[in-house]
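Q: One structure follows; several queries about it will come next.
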Amino acid sequence: MLEITSDRIAHVALENSGLGYFHLILATGEMKYSRNYSIILTGSEKTGYTNKDFLKYLHPDDFKVRDKAYRIADETGRLHYEARAIWDDGSVHWMHVRGTFLLDSNKTRVILSGTLDDITEHVAHRQKIEYGEFNLRTVLELAQVGTFGIELVTRKITYSDRIKEWFGIGPDEEITPEKAYGPVIEQDRPRVRAFFEKVSSLKEGEVADIDFTISPGNGLKDRVIHSEGRCFYDENGLPVRITGASQDVTTERMIQAALEEQVQARTEELQQVNEELTATNEELFESNKQLTYSNEELAQYAYVASHDLQEPLRKIRMFSDMLQKKSDLSNANQDLVTKINKSAERMSMLIENLLEFSKLLKSDLLTTTVDLNQVVHDVKNDFELVIAETGATINIGELATIEAISLQMNQLFYNLISNALKFRRPELKPEINITATKISIEEASTLVDNLLQSDSYHHISIQDNGIGIEQQYTDKIFEVFKRLHRREVYPGSGIGLALCRRIVTNHNGYIYTESKIHQGTTFHILLPVNPVIRID
């Protein structure tokens, strides 16, 4: 006949509940434990465990949790903590450990008796709730909305910093019911209490809302608060927490009232504005006519000026030709006359380009096939005297032939080479390296942002060994009239680099600079292989 004892009944009850139990003899470390204890700790049935074997399955990050729990148990006589177990198959499971110390007749602790409970699903559900609450709090804080929470078991109240500020509660102060309800005006307090009672009885997913007024005093302003709340439930369907959001709607209501009062006045103002806009449009129309007339005059002036400049240049070239024919000129003087003649020819060409520029109105008529090698070579010749004076070296790599506005390309390289020669270091002879490569749009995208769509780009670099530019000014140098040095030290108008950026922009390109003080500067130019030229 099966003997039924109280121990047998307790054993069966614990096994049926899913709990595992253990008895640890403190003096010897010997353990007695149930089948469920082994399954919860290791994932399978095993025998012969000692207390040290328990530590083999405990997650390394939870040793401190266990140690702290035992320190508390030394004082209270009760053990209680949550930790993770790593099963033999490598999976991680949460367990809840409870225990009580049993005493002998001398009140000495001799046995630790306790239970293990697999709470993996419970922890996952709890973490899901906490994660949802965290996301909600984050979104609400970013939206300048305050959040609150109430633990229904402990009645603990939590407010976000924003609500604490509204209610006049310090950031580190504990929130008591008096502090939570105190700032609410007397006539609204019953409604607020009824609101929380209603929220705690809502079905999952339902939301309740309320408007109430607070008057915190201590120099803080009164506010009208709009709050919404919902209830969260545990895995057993029991309400465990109220969470909600609050918003200060005082200003909103004041604005709404003010808007209602100002509708008529605003209408009258708009009518007056419409009348003024009509008059302004008439003035703009007249101004546009004047501007068109001025542009026509300016174009005519440029044409006349360019035409008139050709005459003295023609004479310079004629006289230089006459000098070249003289037999008594030395070889050195012959070279000088030749240089004068070539400079006059180049000046004549530039004037012709300027003349054509003033005559044409459509950008596509301004573009032509431009050999950048020839452009840079001509610009280098323009600086022949400066190069000789400074001992400068200009190294020119193989450049591209592109569709562009010839006059503007000349001006672009003229300004950049001029800068490289001007901002030189006194102790060094200037050295300028001009190179170009063709790169894909993917490579170009690593150099500049927001690229216009083009299959490929010409990447042109103008590098010098000059005085350099401080990092904080590398973008500002392209502003009109932006000077980093006194005019007495480095003369100039301050618009050269601004013009360079405009020229590059007109060709749908990009210009930027890399520089270090006393180590030189490199100007980078990206020009699309198939540009769409614009004249702004």
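The values are calculated or read from the model by the stated rules, or taken from the named source; none is laboratory data. Note that the structure is predicted; figures quoted are calculated from it, not measured. In this analysis, Cβ positions are derived from the backbone assuming ideal geometry, glycine residues included, and neighbour counts consider all displayed protein chains. Quick note on the areas: whole protein, heavy atoms, side chains included, nothing else; ligands and nucleic acids left out. Shrake-Rupley method; radii C 1.70, N 1.55, O 1.52, S 1.80 Å.
Q: Of everything in segment 163-186, what is free of Cβ contacts under 8 Å to residues at least 24 places away in the same chain and part of a helix (DSSP H, G or I)? Give them in sequence order.
A: 164, 165, 177, 178, 179, 180, 181, 186, listed by residue number.
Q: Do we have residue 454 as more than 18 Å from residue 497 (Cα to Cα) and in contact with a helix residue (DSSP H, G or I) (Cβ under 7 Å, 6 or more places away or on another chain) here?
A: Spelling it out, residue 454 is indeed more than 18 Å from residue 497 (Cα to Cα) and in contact with a helix residue (DSSP H, G or I) (Cβ under 7 Å, 6 or more places away or on another chain).
Q: What's the number of the only condition in (1) under 40 Å from the mean Cα position of the chain (by Cα); (2) part of a helix (DSSP H, G or I) that residue 189 fails to meet?
A: Here residue 189 meets the rest and fails (1).
Q: Still on this structure, please answer the following. Taking segment 64-100 on its own, how many of its residues are touching a residue at least 40 places away in the same chain (Cβ under 8 Å) and farther than 20 Å from residue 118 by Cβ?
A: Counting residues in segment 64-100 that are touching a residue at least 40 places away in the same chain (Cβ under 8 Å) and farther than 20 Å from residue 118 by Cβ gives 0.
Q: Can you tell me which of (1) of a type in the set (D, E, K, R); (2) at pLDDT below 90; (3) within 36 Å of the chain's Cα centre (by Cα) is the one residue 223 doesn't meet?
A: (2)
Q: Ok, one more. Would you mind telling me which numbered condition in (1) at pLDDT 80 or above; (2) touching a Ser or Thr at 6+ places or on another chain (Cβ under 9 Å) residue 501 fails?
A: Unmet for residue 501, out of (1) at pLDDT 80 or above; (2) touching a Ser or Thr at 6+ places or on another chain (Cβ under 9 Å): (2).
Q: Tally time: how many residues in segment 311-324 are at pLDDT 75 or above and among the charged types (D, E, K, R)?
A: Result for segment 311-324: 1.
Q: Whether any residue in segment 302-309 is open to solvent by less than 60 Å² (accessible area, probe 1.4 Å), of a type in the set (S, T, N, Q) and at pLDDT below 75 is what I want to check.
A: Yes; the residues of segment 302-309 include at least one that is open to solvent by less than 60 Å² (accessible area, probe 1.4 Å), of a type in the set (S, T, N, Q) and at pLDDT below 75.
Q: So, one more: List every residue pair whose Cβ atoms lie under 9 Å apart, where the two residues are 6 or more positions apart in sequence or sit on different chains, the first residue falls within segment 234-253 and is in a loop (DSSP other than H, G, I, E, B) and open to solvent by 20 Å² or more (accessible area, probe 1.4 Å), and the second residue, located anywhere, is modelled with pLDDT under 85 and acidic (Asp, Glu).
A: Every condition considered, the pairs that remain are 237/204.
Q: Right, next: Test of understanding: among 107, 128, which residue is out of contact with any Leu (no Cβ under 8 Å at 6 or more places or on another chain) and either farther than 30 Å from residue 160 by Cβ or open to solvent by less than 30 Å² (accessible area, probe 1.4 Å) (or both)?
A: That would be 107, the only listed residue that is out of contact with any Leu (no Cβ under 8 Å at 6 or more places or on another chain) and either farther than 30 Å from residue 160 by Cβ or open to solvent by less than 30 Å² (accessible area, probe 1.4 Å) (or both).
Q: List, please: which pairs have Cβ atoms under 9 Å, are six or more places apart or on different chains, and start with a residue in segment 393-422 that is touching a residue at least 24 places away in the same chain (Cβ under 8 Å) and end with one that is among the basic types (Lys, Arg) and assigned to a strand (DSSP E or B)?
A: Close Cβ pairs satisfying both conditions: 400/438.
Q: Additional query: Yes or no: residue 405 within 25 Å of residue 514 (Cα to Cα), of a type in the set (Val, Ile, Thr) and open to solvent by less than 30 Å² (accessible area, probe 1.4 Å)?
A: The answer is no for residue 405.
Q: Please give the number of the condition residue 76 fails out of (1) at pLDDT 90 or above; (2) open to solvent by 80 Å² or more (accessible area, probe 1.4 Å); (3) of a type in the set (Val, Ile, Thr).
A: Answer for residue 76: the failing condition is (1).
Q: Of the numbered conditions (1) charged (D, E, K, R); (2) assigned to a helix (DSSP H, G or I); (3) open to solvent by 70 Å² or more (accessible area, probe 1.4 Å), residue 155 fails exactly one; give the number of that condition.
A: So the condition that residue 155 fails would be (2).
Q: Taking residue 213 as the residue in question, decide whether it is open to solvent by 30 Å² or more (accessible area, probe 1.4 Å) and within 22 Å of residue 170 (Cα to Cα).
A: Against the criterion (open to solvent by 30 Å² or more (accessible area, probe 1.4 Å) and within 22 Å of residue 170 (Cα to Cα)), residue 213 qualifies.
Q: A follow-up question, please. For segment 460-481: of the residues being open to solvent by less than 80 Å² (accessible area, probe 1.4 Å), closer than 12 Å to residue 522 by Cα and not hydroxyl-bearing (Ser, Thr, Tyr), which is modelled with the lowest pLDDT?
A: The qualifying residue modelled with the lowest pLDDT is 469.
Q: Moving to a separate point now. For segment 332-374, how many residues meet the condition of being open to solvent by 80 Å² or more (accessible area, probe 1.4 Å), closer than 25 Å to residue 400 by Cα, assigned to a helix (DSSP H, G or I) and modelled with pLDDT of 70 or more?
A: The number of residues fulfilling the criteria is 4.
Q: Cβ-Cβ under 8 Å, sequence separation 6+ or interchain: first residue in segment 50-63 and in contact (Cβ under 8 Å) with a residue 24 or more places away in the chain, partner open to solvent by 30 Å² or more (accessible area, probe 1.4 Å). Which pairs?
A: Correct list of pairs: 57/86; 57/87; 58/84; 58/86; 59/84; 59/86; 59/92.
Q: Among the residues of segment 279-292, is there at least one that is modelled with pLDDT under 85, small (Gly, Ala, Ser) and at positive phi?
A: The answer is no, given that none of the residues of segment 279-292 is modelled with pLDDT under 85, small (Gly, Ala, Ser) and at positive phi.
Q: What about residue 135, is it open to solvent by less than 70 Å² (accessible area, probe 1.4 Å) and not in a strand (DSSP E or B)?
A: yes
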